[in-house]
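The next block holds one structure in the form of structure tokens; read it before the comments.
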Amino acid sequence: MLKKYSKTLIITTVVILLPMLAGLILWSRLPEQFPIHFNAAGEVDGYAGKVFGVFGLPLILAAIQWLCVVGSLKMDPKAENLEGKMFSLVLWITPVLSIVMHALVYCTALGMNMNVQIILPLLIGLLVVIIGNWLPKCKPTWTLGIKLPWTLADEENWNRTHRFAGPVWVVCGMVVMLCALLGGSFLWLMAAAVVAAVAVPAVYSWLLFKGRIK
């Protein structure tokens, strides 16, 4: 199955590493101390050397991409269920993250004022909405989906849980995006939406398992 996704894996890896080219082009303008981490207020609270910022971060993300994909396809006993658009979507999460993250880092390093506290939650919320649209179609695997003992053991529980979770994730993702636009005073609501996206489907699947829901 790895062969089936080898082309996509190579293309996504190239995209992940593209910021290295941008870093080489901007090398003379980039500071020696590179911003690599932002706090909840969008302020830089972590730095690293320029070499690590330009080359290290993309290489780490590329390694994570290969480790997760190859590990999933080789070790998941239900890997045959990974086929389809859902898994293809997952393959593009890290490349998009790499481009957005490095764009924010490079712009910040060059002295531009980036609204990180708005851009990142918007991206996260959009991702949650997209995943929510695909969750009802997600087949049982040990890699993707709501992986709980009772969902993995019972295909009906898995299917009903994921059909229920889809709209929940869409709503929660939209709340996260709205909170990002409204500002930091709604950070608590954003956090509550993220918790709800995880907790509500888990509770629903447990109630199904216990026979509390028919």
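Values in this text are rule-based calculations from the coordinates and carry no lab data. Everything numeric here is computed off the predicted structure, so don't read it as measured data. Cβ atoms come from the backbone with ideal geometry, glycine included; neighbour counts cover every protein chain shown.
Taking the Cα centre as origin and putting +1 on Lys and Arg beta-carbons and -1 on Asp and Glu beta-carbons, what dipole magnitude results for region 115-214, to the nearest 20 debye?
In debye, rounded to 20, region 115-214 gives about 240.
May I ask you to derive the relative contact order of region 1-114, considering only C-alpha pairs under 8 Å and at least 6 residues apart, and to give it as an integer percent?
On the way: 99 pairs, mean separation 43.2, N = 114.
38 percent.
Step through the table entries 74/214; 74/139; 4/50; 7/74; 3/137; 3/78, compare each Cα-Cα distance with 27 Å, and write down the pairs that go over it.
74/214; 4/50
Report, in deg cm²/dmol and to the nearest 500, the calculated mean residue ellipticity at 222 nm for the chain, where each DSSP H run with n ≥ 4 adds -39500 (n - 2.57) and the sum is divided by the residue count.
Value at 222 nm, helices only: -22500 deg cm²/dmol.
Distance between Cα centroids, region 179-214 to region 115-166: provide it in whole Å.
After rounding, the separation between the Cα centres reads 12 Å.
Using only C-alpha positions, report the orientation-averaged shadow area of the convex hull of region 117-192, nm², one decimal. Intermediate values should be presented prior to the final figure.
Working: hull surface 20.3 nm².
That works out to 5.1 nm².
What does the convex hull of the Cα atoms come to per residue for the chain, in Å³?
121
Among 115, 170, 138, which residue has its Cα positioned farthest towards the positive end of the charge dipole of region 109-214, with +1 placed on the Cβ of Lys and Arg, -1 on the Cβ of Asp and Glu, and the dipole taken about the Cα centre?
Of the options given, the answer is 138.
What residue among 68, 172, 138 shows peak mean-square fluctuation when the chain is described by a Gaussian network model with Cα springs under 10 Å?
68
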